[in-house]
Amino acid sequence: MKRYRNSLLSDVAFLLLFVICFIHIVFTAGEPDHYMINMILLNVSFLVAVITYFTNITVGLILNIVFIFGYGTYTIYQTVVVGEPLQSYHYYWLIMTPVLTAVIALLTFANKRLQQEAEQLQKRNASLATLDERTNLKNSRSFQSDATIFMALSNRYEIPLTLLVMTVKHWDEMSRMISEAQITEMIYDISRMSETSIRMNDSLYMLNADHPTWGLLLFTDQDGAKVVVQRLKEKVESFNTIEFSNKYKLDMKLTVGAIQYNPDEIEEPLDFIAKARQKMEYDV
């Protein structure tokens, strides 16, 4: 409800701005005898409004007080000393300049509230998101939730559980040789290839999207994980000679680390990842 109220407030302020601009144009065009002074005051009015938009209402109020004081003094001088009678444009600009500033301030306030709400929604979506946007794989947040459950099941029913952490060797150097679109496509291809290398009850995760790192939770022991690692590397070699060589003109190699869950050594999912990363150092 609050979001709709801010949106409605922004729309109303925007429409009021159009109405006031139209009134300004009609009034200026309808006073041909005072065209020059009206054009000067019109520019001053919009200048104050623009400054208010890029600063705040306090600055706008100060500028309006200065304008009213200065223009009021000029009007009194013209009336008392010069003898010029008061005209409609004297009253108009003294009233409409602050009105335009108030509308601009209202529009600025409503837009800032909408921007704050948009930022809050983006932060909330980022904190609640469980899928990687490029590959639609489960992300590290989802991994922590799943791993906690799988580790409890492994401990309770003595089911072997192994985590594979996988990256592309020399990724930083390779990513500089291809375009952003090809990087996204390469990550997607490797993700699909990895999915076809595991069983339906195993899970694949994107642990780090910036420096692509995949995690595979396998219900198997260390020996079974070695079979999966070998299968992955063989698929990469096959892809290098057929698809990757034609598409990216690069040969890819995987760096894989595997660690079997041990409740005495691994207390939480982040420990699981850290242990698997350590094993990657031996995969040369």
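Among the residues here, Leu163 qualifies as open to solvent by less than 10 Å² (accessible area, probe 1.4 Å) and at pLDDT 85 or above. Taking the criterion of being within 33 Å of the chain's Cα centre (by Cα) and either of a type in the set (Gly, Ala, Ser) or within 12 Å of Val168 (Cα to Cα) (or both), the only residue of the stretch 197-206 that qualifies is Ser203.
Looking across the stretch 34-49, just one residue is touching a residue at least 24 places away in the same chain (Cβ under 8 Å) and open to solvent by 60 Å² or more (accessible area, probe 1.4 Å), and that is Phe46. Per the listing Ile95, Ile62, Ile76, the residue uniquely without any contact (Cβ under 8 Å) to a residue 24 or more places away in the chain and under 39 Å from the mean Cα position of the chain (by Cα) is Ile62. Listed by first and then second residue, the pairs with beta-carbon distance under 9 Å, at least 6 apart or on different chains, first residue in the stretch 168-182 and at positive phi, second part of a loop (DSSP other than H, G, I, E, B) and open to solvent by 70 Å² or more (accessible area, probe 1.4 Å), are His170/Lys253. Just need a number here: residues in the stretch 134-162 that are among the charged types (D, E, K, R) and without any contact (Cβ under 8 Å) to a residue 60 or more places away in the chain. The total comes to 3.
Considering the stretch 166-176, and only residues there that are within 26 Å of the chain's Cα centre (by Cα) and exposed (fewer than 12 other Cβ atoms within 10 Å of the Cβ), the residue that is nearest to Glu237 (Cα to Cα) turns out to be Asp172.
Restricting the stretch 121-132 to residues that are free of Cβ contacts under 8 Å to residues at least 40 places away in the same chain and surrounded by 11 or more Cβ atoms within 10 Å (Cβ to Cβ), the residue that is farthest from Tyr282 (Cα to Cα) is Leu121. The set of residues in the stretch 207-226 being of a type outside the set (Phe, Trp, Tyr), open to solvent by less than 10 Å² (accessible area, probe 1.4 Å) and within 32 Å of the chain's Cα centre (by Cα) consists of Pro212, Thr213, Gly215, Leu216, Leu217. The residues of the stretch 234-276 that are of a type in the set (Lys, Arg) and under 34 Å from the mean Cα position of the chain (by Cα), listed by number, are Lys247, Lys249, Lys253, Lys275. One residue alone among Ser194, Ser238, Ser179 is surrounded by 16 or more Cβ atoms within 10 Å (Cβ to Cβ) and small (Gly, Ala, Ser), and that residue is Ser194.
The values are calculated or read from the model by the stated rules, or taken from the named source; none is laboratory data. Quick caveat: nothing in here was measured; it's all calculated off a predicted structure. Note: ideal-geometry Cβ built from the backbone for every residue, glycine included; neighbour counts use all protein chains shown. Each accessible area value is taken on the protein alone, full model and side chains, heavy atoms only, with ligands, DNA and RNA left out. Shrake-Rupley method; radii C 1.70, N 1.55, O 1.52, S 1.80 Å.
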